[in-house]
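Novice: Dumping the structure here so I can ask a few things about it.
The values are calculated or read from the model by the stated rules, or taken from the named source; none is laboratory data. All of these numbers come straight from a predicted model, not from anything done at the bench. Cβ placement follows ideal geometry from the backbone for every residue including glycine, while neighbour counts extend to all protein chains displayed. Areas reflect the complete protein model, heavy atoms only, side chains present, ligands, DNA and RNA absent. Shrake-Rupley method; radii C 1.70, N 1.55, O 1.52, S 1.80 Å.
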Amino acid sequence: MDFITDEFVAARTGEPLETRLKNSGSFQRQMKSLHKASRAFTRDSVKSDECWKAFDRLEDEWSKYNIRYGEESYRLGFEDGLQIAYEKEIRSKGSVLDIKDMTHLVYVYDAIKKLNKLLLGEWEIHSRDGGVLEELDRVCDVIEGSICAEIRLRGEDEMYECLADILDDAGKAPDERARLLTGQDKPENHNPNKQK
C-alpha cells in the first residue's frame, strides 16, 4: 500500500536527498570508489564502438536502477516511520494491547514453557503436530501479533530472534519483558500525564 504519492517521493528524493548525500561521508567515499572504478573504462581500453555502446547502455540502466532503488528505499522508510508513529499514538491512547495485557500473556507464556518442560523435558515453540500443548503454544502467536513495530519491522529472522531473547530472558520480570515487547520500555513512551 502506498502512503505517499510519486510527486512527494520525487520532491523528497530531489534536492533534500542530494543535500543529505552531499553531507554523508560514507556515500561520498562510495561515490569516489565508483568513479575510480569507472575510470578504468576509457576509450582506449574499449576498442570497438559496439562495446562502448554496450557499456553506455549498462551505465544508463544502472543509473535507472539506483534511482528506483533510492525511491523505493525512501518509500519503505517513510511507511515504516508512519507505522511506528501511528502505533505510538494509538498505544498512548490505550486502544491496542497495553502493557498489562502483554504482561498477562508473558505470564501465560512462562507457565506453558514450564508445563512443556515438565511433561516433555524441553521447550520447543510450535514443534508439535497437534494436541493440547500445541494449542497452548498459540499464546506465542498472540504475543507475536502484538509486538511493537520496531521489533516486527526487523525482518523475519531477526524479529524471531529478538522475540525469543526477550521472552526467554529469565532475568527480567514479566512486566519488564512486556514493556520491551510493546516498545514501552523507552522513557519517551511513558506518559506521566496519562490517567490510570
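Novice: Could you tell me whether Lys53 is modelled with pLDDT of 80 or more, among the charged types (D, E, K, R) and open to solvent by 100 Å² or more (accessible area, probe 1.4 Å)?
Specialist: Here the answer is no, as Lys53 does not meet what is asked.
Novice: So how many residues does the range 88-102 have that are at pLDDT below 70, closer than 16 Å to Ala149 by Cα and open to solvent by 70 Å² or more (accessible area, probe 1.4 Å)?
Specialist: Matching residues across the range 88-102 total 1.
Novice: Something else now. Go through the range 56-82 and give me each residue that's closer than 24 Å to Ser146 by Cβ, open to solvent by 60 Å² or more (accessible area, probe 1.4 Å) and modelled with pLDDT under 80.
Specialist: Leu76 - this is the single residue of the range 56-82 that is closer than 24 Å to Ser146 by Cβ, open to solvent by 60 Å² or more (accessible area, probe 1.4 Å) and modelled with pLDDT under 80.
Novice: Also: So which residues in the range 8-18 are open to solvent by less than 70 Å² (accessible area, probe 1.4 Å) and either touching a helix residue (DSSP H, G or I) at 6+ places or on another chain (Cβ under 9 Å) or assigned to a helix (DSSP H, G or I) (or both)?
Specialist: Within the range 8-18, Val9, Ala10, Ala11, Thr13, Pro16, Leu17 meet the criteria.
Novice: Consider the range 133-160. How many of its residues are within 13 Å of the chain's Cα centre (by Cα) and open to solvent by 60 Å² or more (accessible area, probe 1.4 Å)?
Specialist: 8
Novice: Out of all the residues in the range 109-123, is one or more open to solvent by 50 Å² or more (accessible area, probe 1.4 Å), at positive phi, at pLDDT below 80 and more than 26 Å from the chain's Cα centre (by Cα)?
Specialist: Checking the range 109-123: at least one residue is open to solvent by 50 Å² or more (accessible area, probe 1.4 Å), at positive phi, at pLDDT below 80 and more than 26 Å from the chain's Cα centre (by Cα).
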